[in-house]
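Presented below is the structure to which this report refers.
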Amino acid sequence: MVLLDTIKNRFEYEQDLLRADEPVNDILFWESHKALAISGRDARLPHAEEAISVVSNSGWPVLTRKSGGGAFPVASGVLNISILRNYPADVLLNADANYKSLANWLLRGLKPLNLNISVGQTNNALCDGRYNLMIDGKKFIGTSQQWHRRSDGSSRHLMHCAILVSADIKELVGVVNKFYSIAELNQRSIVLPHVHIDLCEYEPSLTIESVAHLIAKVRYD
Amino acid sequence: MVEVIIPNDMWEEDLEGVIVTWIYKTGATVSEGDVLCEVMVEKSQSDLLAPATGILTIIEDAEAIVKRGQVIARIE
């Protein structure tokens with residue numbers, strides 16, 4: 001478990017690993033200081049420059065990431081997991097299959113907590129997608145991925161998930177709404193805090209470290 | 001002439017993706033295996049490689065909505 005000095009270092013490190021000559025197969029558990037990670041598309045929104053300036057000046061450094069999805073905030077209380085894999089040329093790049101593998105791994109890791117966890121979409125959630133993990137219908141894990149194809153036909157794959165363990169959800173939601181309210185001409189949808197949940201609301205003794213250990217006990221296939 | 005196509009195996013269902021960015025512009029000389037553009041679907045971003053060496057003509061610009069099997073560029 002590493003508390004990084006900046007998330008910029010983390011994203012640069014991941015991109016370096018994806019593009020390294022030697023293939024990397026690794027799982028990284030990490031936590032970061034406050035930052036807002038936006039996609040390349042977000043960075044091209046009509047008023048993105050102004051939004052980045054306002055959000056940065058409010059104590060949330062903004063940086064662009066390569067994996068897919070909308071803006072997501074990282075901060076203390078959010079456990080991030082990055083999974084790096086190398087695939088030979090004859091393996092199909094199937095995003096859905098990998099999301100299902102990731103979800104299954106997380107479900108097996110969190111099984112001892114005996115929670116009512118499901119996989120699916122969460123309307124009005126942070127960085128929504130079809131492969132969120134939810135407790136009683138409330139999102140607590142978001143997932144994304146990136147494929148880097150190499151000229152020899154092989155692929156490097158990065159999966160990322162962010163787990164709300166003991167985060168300030170209202171603050172996380174607030175910074176994302178602030179970014180889009182400035183960056184977009186017409187804000188698409190408002191993120192709502194009450195559609196999210198921290199793991200600690202179910203089990204207050206949980207910490208970033210204990211959740212990481214729980215998941216790391218289970219083999220990722 | 002070789003078409004640059006969104007692979008049919010890139011995602012399972014009949015979803016739509018988006019071209020995030022083109023690395024090269026129309027008229028650029030590209031080599032087989034170069035990363036031409038980045039495509040995103042379902043929070044999954046993928047590189048698309050040049051299937052041949054030649055001059056690139058982009059058909060679908062960045063931000064275009066694309067489907068599996070769609071031709072997005074040509075290389076001549």
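A quick yes/no check of all residues on (1) at pLDDT 95 or above; (2) of a type outside the set (A, V, I, L, M, F, W, C):
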site: A:S39; (1), (2): no, yes
site: A:V54; (1), (2): yes, no
site: A:G69; (1), (2): no, yes
site: A:S82; (1), (2): no, yes
site: A:A89; (1), (2): no, no
site: A:R108; (1), (2): yes, yes
site: A:S118; (1), (2): yes, yes
site: A:G129; (1), (2): no, yes
site: A:I135; (1), (2): yes, no
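Among the residues making up segment A:120-135, those that are in a loop (DSSP other than H, G, I, E, B) and either surrounded by 18 or more Cβ atoms within 10 Å (Cβ to Cβ) or within 10 Å of another protein chain (Cβ to nearest Cβ) (or both) are A:T122, A:A125, A:L126, A:C127, A:D128, A:G129, A:R130, A:Y131. Here segment B:45-71 is the region considered, the condition is being acidic (D, E) and surrounded by 14 or more Cβ atoms within 10 Å (Cβ to Cβ), and the residue that is modelled with the lowest pLDDT is B:D47. Would you check if there is a residue in segment A:148-155 being within 14 Å of another protein chain (Cβ to nearest Cβ), free of Cβ contacts under 8 Å to residues at least 60 places away in the same chain and in a strand (DSSP E or B)? Yes: segment A:148-155 contains one or more residues that are within 14 Å of another protein chain (Cβ to nearest Cβ), free of Cβ contacts under 8 Å to residues at least 60 places away in the same chain and in a strand (DSSP E or B). Here A:H160 clears all of (1) over 17 Å from the mean Cα position of the chain (by Cα); (2) not in a helix (DSSP H, G or I) except the condition numbered (1).
The set of residues in segment B:1-44 being under 10 Å from the mean Cα position of the chain (by Cα), surrounded by 21 or more Cβ atoms within 10 Å (Cβ to Cβ) and within 7 Å of another protein chain (Cβ to nearest Cβ) is empty.
A single entry from A:L214, A:L206 fulfils the requirement of being more than 14 Å from chain B (Cβ to nearest Cβ) and assigned to a helix (DSSP H, G or I): A:L214. Those strands (runs of 3 or more DSSP E) of segment A:1-114 in which 3 or more residues are in contact (Cβ under 8 Å) with a residue 60 or more places away in the chain and either at positive phi or among the aliphatic types (A, V, I, L, M) (or both) occupy A:78-87.
For (1) of a type in the set (A, V, I, L, M, F, W, C); (2) assigned to a strand (DSSP E or B); (3) in contact with a helix residue (DSSP H, G or I) (Cβ under 6 Å, 6 or more places away or on another chain), each residue gets a yes or a no:
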{"position": "B:V4", "(1), (2), (3)": "yes, yes, no"}
{"position": "B:W11", "(1), (2), (3)": "yes, no, yes"}
{"position": "B:T26", "(1), (2), (3)": "no, no, no"}
{"position": "B:E38", "(1), (2), (3)": "no, yes, no"}
{"position": "B:D47", "(1), (2), (3)": "no, yes, no"}
{"position": "B:P51", "(1), (2), (3)": "no, no, no"}
{"position": "B:L56", "(1), (2), (3)": "yes, yes, no"}
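When A:L172, A:L113, A:L92, A:L164 are screened for being surrounded by fewer than 19 Cβ atoms within 10 Å (Cβ to Cβ) and farther than 29 Å from B:D47 by Cα, only A:L113 passes. A count restricted to segment A:178-188 and to residues that are more than 28 Å from A:W147 (Cα to Cα) and either of a type in the set (S, T, N, Q) or surrounded by fewer than 19 Cβ atoms within 10 Å (Cβ to Cβ) (or both) stands at 5. I'm checking my understanding of the structure. Among residues of segment B:45-60 that are of a type in the set (S, T, N, Q) and within 11 Å of another protein chain (Cβ to nearest Cβ), which one is nearest to A:C127 (Cα to Cα)? Per the stated criteria, the residue is B:Q45.
Any idea which of A:T143, A:T122 is hydroxyl-bearing (S, T, Y), modelled with pLDDT of 90 or more and touching a Leu at 6+ places or on another chain (Cβ under 7 Å)?
That would be A:T143, the only listed residue that is hydroxyl-bearing (S, T, Y), modelled with pLDDT of 90 or more and touching a Leu at 6+ places or on another chain (Cβ under 7 Å).
The values are calculated or read from the model by the stated rules, or taken from the named source; none is laboratory data. As the structure is a prediction and not an experimental result, all values here were calculated from the model. When we count neighbours, we look across all protein chains shown, and the Cβ atoms used for this are built from the backbone with ideal geometry, even at glycine.
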